[in-house]
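Report on the following structure.
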Amino acid sequence: MKLQVNLNMMRRCSLLFEFLFCINHLARLNAVSVHNWSSKFNNNPSKNWVVLVAGTNTWRNYRHQADVFHAYQIVRKNNVPAENIITFAYDDIANKPRNPFKGKVFHDYLYEDIYQGVEIDYRGKDVTRDNFVKVLKGDEKLAANKKKVLKRISLPIICFTILRIFDGDLYDPLSAVYVTTSAKETEQSWSIFCDDTDIDVCLASEYAYAWIGDSEYVSISKKPLQISP
């Protein structure tokens, strides 16, 4: 049953989080538009690469890692192999003593654990801007140290920034990148599911939850992405 969202559960939050969802062979980009080729994503998932980044830590920012863990589950359900998913997360909430549900992370009031099965490749002090850029560029030194990076695959790569923490110049050295954010640099974004008195923090970011939650019920092959000038 699809969970209905009450606007009264939303709470203002600062722009402290970057969520990167990068997929190869999903879209074709040109100077004026972005066209979704989602059939390639669904019919040949082994050629897709996904990078998920939760850019914050601490219990107060619970929702940011929850967004990423739920996105990981969605990607796996769409048959992208785990070895093609690169995940950044501090990983400091599931087993935190303050967590009343030890080892579990929730994203809404259905209380389904979205932490189990998530493979985190970069955690703690390794969650950095530099490592993120190196991962997208397929850094050979990281690979030599047995860290997962994007392989040298043909463009395009498409990136969605759901909630941003870094300045816009993060994308300057990257080509064929499409970016969308939940708010402008001078605005605040929204959180949701903030009324659980046991957990006592917001469980999700509204913008991220909207598309992640929808992807639970609607085939992503029917979700075209098209940007007009």
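The values are calculated or read from the model by the stated rules, or taken from the named source; none is laboratory data. Everything numeric in this text was worked out from a predicted model, so none of it was measured. Ideal geometry is used to build each Cβ from the backbone, glycine not excepted, and the neighbour counts take in all protein chains shown.
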*Take the range 125-146 and flag every residue that is under 21 Å from T56 (Cβ atoms) and either without any contact (Cβ under 8 Å) to a residue 40 or more places away in the chain or charged (D, E, K, R) (or both).*
K125, D126, T128, R129, D130, K134
*Considering (1) in contact with a strand residue (DSSP E or B) (Cβ under 7 Å, 6 or more places away or on another chain); (2) at pLDDT below 90; (3) among the hydrophobic types (A, V, I, L, M, F, W, C), say which one W211 fails and leave the rest.*
(1)
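Across the range 174-204, what is the number of residues that are at pLDDT below 85 and among the aliphatic types (A, V, I, L, M)?
5
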*Out of the residues in the range 90-122 that are assigned to a loop (DSSP other than H, G, I, E, B) and touching a strand residue (DSSP E or B) at 6+ places or on another chain (Cβ under 8 Å), which is surrounded by the most Cβ atoms within 10 Å (Cβ to Cβ)?*
H107
